[in-house]
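First comes the structure, then the notes that go with it.
Taken together, the values in this text are just the output of simple stated rules run on the coordinates, not laboratory data. Since this is a predicted model, take the numbers as computed values, not measurements. Cβ coordinates were reconstructed from backbone atoms using ideal geometry, including for glycine residues, and neighbour counts include every protein chain displayed.
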Amino acid sequence: MNISDIMTTTICTITSDKSVSYAAERMNESQVDSLVVMDHGEVLGMVTTRDVLSAHPNRIVADAMSSQPFYLSANHNVWEAYHALHQEQGGLALVMQEDQLIGFITKEIVEMKIAEYRDPLSGLYRAPYIEFIGENFLKERKPFHLLFIDLNDFGRINKLHGHPFGDDVIRTYSSVLSSLAEEQGDYLCRYAGDEFVLISTISDEQIQEYISLITRPTNVLDVFVSAAVGHVNGYQTPDFFARSWRELIAEASLGSSAAKLSKTLTSTMG
Amino acid sequence: MASDNNVYSRKATLSLKISEFEVPPMQDLLIIGRKAPIGPEAVRRMADALSPEQFTLIKMNHPKIEAVLLRNTLLQMIDEKLLMKIILEEAERMISDSMVLRSELKIALSVQREVDLL
């Protein structure tokens with residue numbers, strides 16, 4: 001989803017020499033939370049209700065506005081906007097299309113949109129998030145490890161203990177995975193049902209450690225839960241960047257299915 | 001018995017004081033509090049409009065003081081860091097974040113040299 005779909009397109013302007021109290025009146029009359037500060041057709045910044053509340057009413061807008069406007073292109077998606085706004089002070093960006101100011105977007109609006117991508121059960125992001133991270137890394141030709149994590153015997157847990165208990169297992173296992181994936185450069189999501197995807201930029205040794213921890217049976221609410229992991233190593237796969245995200249996720253999920261099958265065969269033969 | 005010829009009058013007394021107006025209405029420096037009714041940008045615009053290129057605005061990261069406007073000639077006579085250190089040390093004792101302080105700052109050079117007689 002592009003930010004042009006969620007931005008505010010009603011742009012009210014004010015010049016920088018007006019008083020803060022005048023800006024407040026303007027906001028009140030126009031029923032808006034922010035004004036674009038423009039002098040002679042040039043955008044200087046934004047003044048928001050927060051700026052107006054924290055500045056003396058006699059001050060001029062130039063002394064109350066958020067300086068250095070931050071720009072985003074209308075083609076940026078919500079994830080890019082989210083990351084960009086988190087690095088910026090002020091939490092507000094002007095949206096441009098071909099040198100034309102077409103709207104603005106706030107951190108709050110983006111966060112509300114992003115919240116729709118959160119899985120309410122686990123608190124983790126859902127698949128579109130990891131897809132954004134993965135595609136971005138591929139675009140930047142930044143190698144990464146892709147882990148597809150599929151819980152073993154989750155259907156059996158549901159059958160034995162009931163679905164509410166299964167939900168508890170998902171919730172608890174998600175927090176176990178979250179605490180594991182806390183390195184900078186780790187991105188985790190609940191992909192679907194009992195499947196999770198982790199993107200990580202840690203070393204080969206560390207990722208092997210992750211895999212061994214994830215595959216080892218863990219006591220979750222007095223039930224031993226393990227997972228099958230499919231691993232695509234972007235640092236060692238020669239044609240990694242020639243492949244699409246869809247191909248990589250397919251390979252990782254097939255890897256986890258193969259790991260599951262080999263575990264089943266081993267336990268049957270054993 | 002009240003008279004019908006009551007006199008009603010309104011008078012005003014005028015007092016006029018005339019003194020010289022400084023342009024700009026400040027001396028050598030202004031110290032601007034973070035919540036002062038006039039902010040640094042307005043102060044800069046005022047100084048630029050009334051005395052172009054004669055003042056420099058120095059913004060700072062200080063809990064109470066947002067910026068200091070200084071006459072350029074002072075900066076030509078003494079190092080900026082040293083000058084600011086002295087100004088801040090003295091100003092922060094009395095300023096609140098809603099005040100603007102006006103200050104006069106004169107630098108007098110005292111030199112004593114010994115020279116060999118011919």
query: Can you work out ³J(HN,Hα) from phi for every residue in the range B:45-53, in order, using Karplus 6.51 cos²θ - 1.76 cosθ + 1.60 and θ = phi - 60°, giving whole Hz and x for Gly and Pro?
result: 5, 4, 5, 5, 6, 8, 9, x, 6
message: Is the C-alpha gyration tensor of the range A:192-256 telling us rounded, prolate or oblate? Criteria: a/c under 1.5 is rounded; beyond that, a/b larger than b/c is prolate, otherwise oblate.
response: oblate
- line: Contour minus Cα-Cα span, A:Glu42 to A:Glu98, at 0.36 nm per residue, comes to 18.6 nm
- prompt: Under a point spin-label approximation (7 Å from Cα along Cα-to-Cβ), what is the A:Asn2-B:Met77 distance to one decimal in nm?
  reply: 6.1 nm
field: Förster radius 22 Å - calculated FRET efficiency between B:Leu50 and B:Glu20, Cβ distance, rounded to 0.05
entry: 0.95
field: Karplus (6.51, -1.76, 1.60) ³J(HN,Hα), θ = phi - 60°, over the range A:165-177, in Hz, Gly and Pro reported as x
entry: 5, x, 4, 4, 5, 4, 4, 5, 5, 4, 6, 5, 5
- request: Collect residues whose amide H, placed 1.01 Å from N in the peptide plane, falls under 5 Å from the amide H of A:Phe144; neighbours closer than 5 in sequence don't count.
  value: A:Gly234, A:Tyr235
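Determine the calculated [θ] at 222 nm for chain A from helices alone, applying -39500 (n - 2.57) to every DSSP H run no shorter than 4 residues and normalising by the residue count; nearest 500 deg cm²/dmol.
That comes out to -13000 deg cm²/dmol.
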task: Quick one: which residues, 5 or more positions from A:Ser16 or on another chain, have an amide H under 5 Å from its amide H? H modelled 1.01 Å from N in the peptide plane, none for Pro or chain starts.
output: A:Met38
Pairs beyond 23 Å (Cα-Cα), from A:Lys107/B:Lys64; B:Lys35/B:Lys106; B:Lys81/B:Lys106; B:Lys59/B:Lys85: A:Lys107/B:Lys64; B:Lys35/B:Lys106
message: I want to make sure I understand the PRE zone here: with the label point 7 angstrom from the Cα of A:Phe165 toward its beta carbon, which residues in the range A:204-244 have backbone N atoms less than 12 Å away?
response: A:221-224
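Only sites in a loop by DSSP and with at most 11 other Cβ atoms within 10 Å count here; which GluC sites (Glu not before Pro) in the range B:1-43 make the cut?
Those satisfying the criteria are B:Glu20, B:Glu22.
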Length gained when the stretch A:Ser179-A:Glu247 is fully extended (0.36 nm per residue, less Cα-Cα span): 21.7 nm
- line: Partner shielding of B:31-38, as the mean number of partner chain Cβ atoms within 10 Å, equals 3
Positive minus negative residues near A:Ala250 (Lys, Arg vs Asp, Glu; Cβ under 14 Å): -3
field: Hz values of 3J(HN,Hα) by residue in the range A:145-155 - Karplus curve (6.51, -1.76, 1.60), Gly and Pro given as x
entry: 8, 10, 10, 9, 10, 10, 5, 7, 6, 5, x
query: Looking only at other chains, what is the average number of their beta-carbon atoms within 10 angstrom of each beta-carbon in A:56-64?
result: 6
